[in-house]
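All remarks here apply to the structure that follows.
Computed from the coordinates by the stated procedures, all read-outs in this text should not be read as laboratory data. What you see is a predicted model; the values in this text were computed from it and never measured. Glycine also receives a Cβ, built like all others from the backbone with ideal geometry; neighbour counts cover every protein chain displayed.
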Amino acid sequence: MKLILAVDKNFAIGINGDMLFSIPEDLKRFKDLTIGNIVIMGRRTLESLPDSKPLKNRINVVITRKDIEGVICVKDKSELLIKLKEINPDKKMEEYLIGGASTIESMLDLVDECIITYVDKSFEYDAKIRNLFEDENFYVESESKPRLYEDLEYRYITFKRK
C-alpha cells in the first residue's frame with residue numbers, strides 16, 4: 001500500500017476538514033497517480049471531498065461503521081485487508097491511503113511507500129501525521145528539486161519502508 005499526501009513542514013495535513021493549501025500541479029499529480037486504482041480513506045476524508053462524493057474513476061474504500069452509497073465500506077483494518085484481497089487479488093491496481101490523520105496513523109504499518117508533497121511552510125492545523133523524516137521505519141528514497149506555486153515552495157519526496 002502507498003500513502004499519498006500533501007503536508008506542511010510539521011507534517012500537518014488539514015484544518016476544519018479541509019486541506020491546508022491547494023497546488024494545482026499537485027492535485028493533477030494526485031489524480032494522475034490514483035486514477036484507475038484504489039483509494040482508501042476515513043469517513044471524514046470522504047466528506048471533505050467535493051460534494052462529499054467518491055473520487056471518480058477509482059475504487060473508493062472508506063473505513064467507517066456506516067453504510068455509504070457509492071463506496072465500499074469496511075469497519076476496520078482486518079476487514080480492509082480481506083476486502084482488498086477480494087477486489088485486487090492479483091495486485092494489478094495500486095492501493096493508495098489518502099487520509100485522514102487517524103486513519104493514516106492506524107494503517108501506517110501497512111504502507112511500504114509514502115508519496116509526499118512537502119511544503120516548506122507552517123500552517124495552522126488540527127490534523128497531522130507523524131514526521132516521516134523522524135520515523136525509523138522509513139527513509140527518503142527520492143526528492144525533487146524545489147518548486148514554486150505562488151508563495152509556496154514545495155517538493156515531492158518519496159519515503160520507502162526500511
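Only residues that are under 14 Å from Leu97 (Cα atoms), part of a loop (DSSP other than H, G, I, E, B) and touching a strand residue (DSSP E or B) at 6+ places or on another chain (Cβ under 8 Å): list them for segment 23-37, please. Break it down into steps so the answer makes sense when it comes.
Step one: list which residues in segment 23-37 are under 14 Å from Leu97 (Cα atoms), which gives 30-31, 33-35, 37.
Then keep just the ones that are part of a loop (DSSP other than H, G, I, E, B); that gives 35, 37.
Scanning segment 23-37 gives a single hit, Asn37.
Suppose we filter segment 140-152 for residues that are of a type in the set (Asp, Glu) and either farther than 14 Å from Val119 by Cα or surrounded by 13 or more Cβ atoms within 10 Å (Cβ to Cβ) (or both); how many remain? Working first, answer last.
Going through segment 140-152, the residues of a type in the set (Asp, Glu) turn out to be 141, 143, 150-151.
Narrowing the set further to residues that are either farther than 14 Å from Val119 by Cα or surrounded by 13 or more Cβ atoms within 10 Å (Cβ to Cβ) (or both) leaves 141, 143.
Of the residues in segment 140-152, 2 are of a type in the set (Asp, Glu) and either farther than 14 Å from Val119 by Cα or surrounded by 13 or more Cβ atoms within 10 Å (Cβ to Cβ) (or both).
Given (1) under 14 Å from the mean Cα position of the chain (by Cα); (2) surrounded by 14 or more Cβ atoms within 10 Å (Cβ to Cβ), where does Asp18 come up short, assuming only one miss?
Every listed condition holds for Asp18 apart from (2).
Please go through segment 99-150 and give me each residue that is touching an Asp or Glu at 6+ places or on another chain (Cβ under 6 Å) and either without any contact (Cβ under 8 Å) to a residue 40 or more places away in the chain or closer than 16 Å to Gly42 by Cβ (or both), ordered by number.
Pro146
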